[in-house]
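Reviewing the structure listed below.
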Amino acid sequence: MRLTRRLGLVLPLLGLAPAAHAQGMPQLNFSTPLTLAQVVWGALIFLALYLLLSRWALPKATTVLEKRASTIAGDLEAARMAMAQADGAVAELTAATAKARAEAQAAVNQAADQAKQAAAAQAAALNEKLEARLSEAETQIEQARASAMASVHQVASETAATVFARLTGQSPDPGRLEAAVGAALAARSR
């Protein structure tokens, strides 16, 4: 009951009579001073907030966003430059590696050629020495053979004379003995 009494006193002050309910929505009834005051104060507060935000808060936010965007753009540019430098360094390294490989291959080929030439020269020198030794050996063999053949002739003559003397008891004719030994040695050397 108390509440009803109080509402009964407050409602006429606000300009809200029970008949106002029948006219439509009371919040949109601009004929009452309270609704008009609320709209005016709402507009003033909105204007104050708008001015506060547009003059102070939003410029700060815009400054922060622009600074962040410029920092990001600078970082991206620095990253692009670093990437370009890295790509250049990789290309340089690849070229240096290829050049080093080519130089190493050329050095290996040159060393192999030098080794082949040295081996060929050494082989030629050894062949020359071997040919000289072989020639000397052939000469020595020929001399030894000639000496042996000369000795064989003498030994064969002496042996034939001794055998003839023992078998026949007479000494052989030196001319005939030499001719027989010469013929026998000639037949053998063929």
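Just report the Cα centroid separation between region 109-141 and region 76-93, whole Å.
Spelled out, the Cα-based centre of one part sits 59 Å from the other.
Using 1/(1 + (r/R0)^6) with R0 = 45 angstrom and r between the beta carbons of Ala43 and Gln85, what's the FRET efficiency to the nearest 0.05?
Plugging the Cβ-Cβ distance into 1/(1 + (r/R0)^6) gives 0.15.
Give the aspartates and glutamates reachable from Lys67 as a straight Cα distance under 16 Å; neighbours fewer than 8 places away on the same chain don't count.
Partners found: Asp75, Glu77.
Which of these values of volume of the Cα convex hull per residue in Å³ was calculated from the structure shown: [x] 419; [y] 174; [z] 151?
Checking each listed value against the structure points to [x].
Just grab the label-to-label distance for Ala183 and Ile72, each label 7 Å out from Cα along the Cβ direction, in nm (one decimal).
For Ala183 paired with Ile72, the spin-label model returns 12.9 nm.
First measure r as the distance between the Cβ atoms of Ser171 and Ala137, then evaluate 1/(1 + (r/R0)^6) with R0 = 35 Å and state the FRET efficiency to the nearest 0.05.
E between Ser171 and Ala137, to the nearest 0.05, is 0.25.
What's the extension gain from Ala100 to Ala57 if we count 0.36 nm per residue and subtract their Cα-Cα distance?
The span from Ala100 to Ala57 would gain 9.2 nm if fully extended.
Full-extension gain between Asp113 and Ala160, please, as 0.36 nm times their residue separation minus the C-alpha to C-alpha distance.
Full extension of this stretch gives 10.3 nm more.
Laboratory data are not the source of any read-out in this text; all were calculated from the coordinates shown. Predicted model, so just to flag it, every value in this text is computed and none were measured. Don't worry about glycine lacking a Cβ; one is built from the backbone with ideal geometry, like all the others, and counts go over all protein chains shown.
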